[in-house]
Amino acid sequence: MNRTENPPPGLELLYEGAAAHNRGDLTEALRIFEHAADTTTDGVRTSALVNAASVYDELGDHEGAATRYRAVLGEIPGDAVEKRASALINYSQALQHLGALDEAQDALEQARALLADADELGVLRVSCLLSLTAVASYRARWSRAIDIATESLNTALRLAPELAGYSLMNLAVAYFETGRHELGVDFARQALTAFTEAGNHNALADTQQNLAQIFMRLDRLDEAEELVEAAQLYFERTGLGHRIGIGWKIRGFLAERRGDIDRAQEWYRRSLDHFQASGALLDVAALQCRLATIEFAHGRVGAGQQLLDGSFVIYAERGLGSECAKLDYWHAVLLEMVIDDLAEPAPELVVLGRALSVTAAIAIDAVRYTLPSGSRREQWHREIAEPAMRLAFRFAHLCQDGALLADLIETRCAGTTLDIDRAQPAERPQFPLDTPDPPALTELPGPLQLGAALAQVAASAGLPVAPPPRLAVEPGGRIALADYIEAAEHRYGGKFREDRVIPA
């Protein structure tokens, strides 16, 4: 909203609230916006309501924010394109924090339709695309995330160059998650540099946390710690509960990787408290997985499984089949750890590990067929799907399940060559659930031409391929892994094999 010679009554309150927000005083910003909502009318009141809801979301009260957005959307006329689109985009952020991804995408598609011909509202168009990228990222639909992030970068350079950095950060996350690690780090460093030069403290701290998580997963622990400690100082000072929780989660993971399990558990508990208080259920699910890992390490298998079951329910209720599959894979990894430490493991643990590892491997392997580039498919197979399949072989071997071993061998021989020695215990795989959070929507001045050029190169052309067919094996032409495929499709809600059947 621009200043005018005859501004509407109360407009100065919006500027005062914005100033408080920009200096990191969110409590004062909320007080000002709520006062404006109570004392003004028309467009100023609507803007104050939207701004207040946004601050509630930043402070971690995601349910309160969503309730307020729903109320204000009921008051905004359908032809008030800018205000309605802005409210919808912000509403989607609160919904994402709550894990309500279908509702979040619906809100964003409504906003995208409103903004389709509104070039003068370039900031909102880019913000909408950034948020759509975040939804795709939460669902692990990385090909879609890359496509939308690239579109958002092109749109930003044309209509709102101050937001280009966020497109780069989204690309950093998406490429990292599909195995393009150095490209992901390059994009993240560009975003970090841009935020520093712009003096955008919120965005700088967000990006420090995101890049810390990337470094953490690359085992560059000292670099990760330096970044997360700097971000934590800022978030503790400003009272941003959700981001404080993310900082404690990262610090807990660093402590765990360094072998300080007690310190890790303490810091995970702090993180979980912040996430539970803010209603950030997807983060709660990830934290419970970390705490479950520690319970397994102490031999408290039942306590660990209870935490994992709670996380599975959170993911399943939100239709996040990919996260459910990764969770089952990690559950099987933890069971393998326990089994390897026992002279005579309980048979039910081995049987459970077989069920979890095979169904998870089928679903995880199917992801690569959704990737548009052959190089991305190969990297996904090598770094993600193959370790999951090796674990399935290990549990089939532990169960002395000859039929399953034969089916797994037939399945692998139909695609890539299997080294049967790899079915033996290997180096522990890394925990697969700690994904860098999609960056928040905050303004960033200045176009980044180098980043745009890299994005164009990275978004190489390619075509997705169909999932593999079902394999008919002798005797009798039965379908290899039929029961496990059916179980995986039922458990995770996906289509992991074609209906077409070919002889093995």
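The set of residues in segment 191-210 that are open to solvent by less than 10 Å² (accessible area, probe 1.4 Å) and without any contact (Cβ under 8 Å) to a residue 60 or more places away in the chain contains only 205. Taken over segment 136-166, the criterion of being within 12 Å of residue 125 (Cβ to Cβ) and either open to solvent by 50 Å² or more (accessible area, probe 1.4 Å) or in contact (Cβ under 8 Å) with a residue 40 or more places away in the chain (or both) is satisfied by 151, 154, 156, 158, 159, 163. The numbered conditions (1) of a type in the set (S, T, N, Q); (2) at pLDDT below 90; (3) surrounded by fewer than 24 Cβ atoms within 10 Å (Cβ to Cβ); (4) more than 19 Å from residue 380 (Cα to Cα) are all true for residue 96 except (3).
Elements of the type helices (runs of 4 or more DSSP H) sitting completely within segment 258-331 and holding at least 2 residues that are surrounded by 23 or more Cβ atoms within 10 Å (Cβ to Cβ) and aromatic (Phe, Trp, Tyr): these cover 261-278.
A quick yes/no check of all residues on (1) open to solvent by 10 Å² or more (accessible area, probe 1.4 Å); (2) hydrophobic (A, V, I, L, M, F, W, C); (3) touching a Gly at 6+ places or on another chain (Cβ under 7 Å); (4) without any contact (Cβ under 8 Å) to a residue 12 or more places away in the chain:
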position	(1), (2), (3), (4)
182	yes, no, no, yes
185	no, yes, no, no
225	yes, no, no, no
230	yes, yes, no, no
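Only a single criterion out of (1) open to solvent by 10 Å² or more (accessible area, probe 1.4 Å); (2) modelled with pLDDT under 90; (3) closer than 29 Å to residue 363 by Cα is not satisfied by residue 178, namely (1).
Among the residues of segment 389-397, at least one is among the charged types (D, E, K, R) and either open to solvent by 30 Å² or more (accessible area, probe 1.4 Å) or modelled with pLDDT under 90 (or both). Can you find a residue that is under 17 Å from residue 91 (Cα atoms) and modelled with pLDDT of 85 or more anywhere in segment 1-19? Looking for residues that are under 17 Å from residue 91 (Cα atoms) and modelled with pLDDT of 85 or more, one finds none in segment 1-19, hence no. A single member of 230, 205 is in a helix (DSSP H, G or I) and under 28 Å from residue 123 (Cα atoms), and it is 205.
Taking the conditions (1) acidic (Asp, Glu); (2) in contact with a helix residue (DSSP H, G or I) (Cβ under 9 Å, 6 or more places away or on another chain); (3) free of Cβ contacts under 8 Å to residues at least 40 places away in the same chain in turn, residue 177 satisfies each one other than (3). Out of all the residues in segment 251-267, is one or more among the aliphatic types (A, V, I, L, M), more than 18 Å from residue 209 (Cβ to Cβ), modelled with pLDDT of 90 or more and within 15 Å of the chain's Cα centre (by Cα)? The answer is no, given that none of the residues of segment 251-267 is among the aliphatic types (A, V, I, L, M), more than 18 Å from residue 209 (Cβ to Cβ), modelled with pLDDT of 90 or more and within 15 Å of the chain's Cα centre (by Cα).
Going through (1) among the β-branched types (Val, Ile, Thr); (2) touching a residue at least 24 places away in the same chain (Cβ under 8 Å); (3) surrounded by fewer than 19 Cβ atoms within 10 Å (Cβ to Cβ) one by one, residue 250 falls short only on (3). Condition first: of a type outside the set (Asp, Glu) and not in a helix (DSSP H, G or I). Now tell me which residues in segment 60-100 satisfy that. Of everything in segment 60-100, those that are of a type outside the set (Asp, Glu) and not in a helix (DSSP H, G or I) turn out to be 60, 74, 76, 77, 78, 80, 99, 100.
Take the conditions open to solvent by 50 Å² or more (accessible area, probe 1.4 Å), within 23 Å of the chain's Cα centre (by Cα) and either at pLDDT below 90 or aromatic (Phe, Trp, Tyr) (or both) and apply them to residue 61. Does it pass?
yes
The values are calculated or read from the model by the stated rules, or taken from the named source; none is laboratory data. Since this is a predicted model, take the numbers as computed values, not measurements. Here the Cβ is made from the backbone with ideal geometry for all residues, glycine too, and neighbour counts use every protein chain on show. SASA here: full protein model, heavy atoms, side chains in, ligands and nucleic acids out. Shrake-Rupley method; radii C 1.70, N 1.55, O 1.52, S 1.80 Å.
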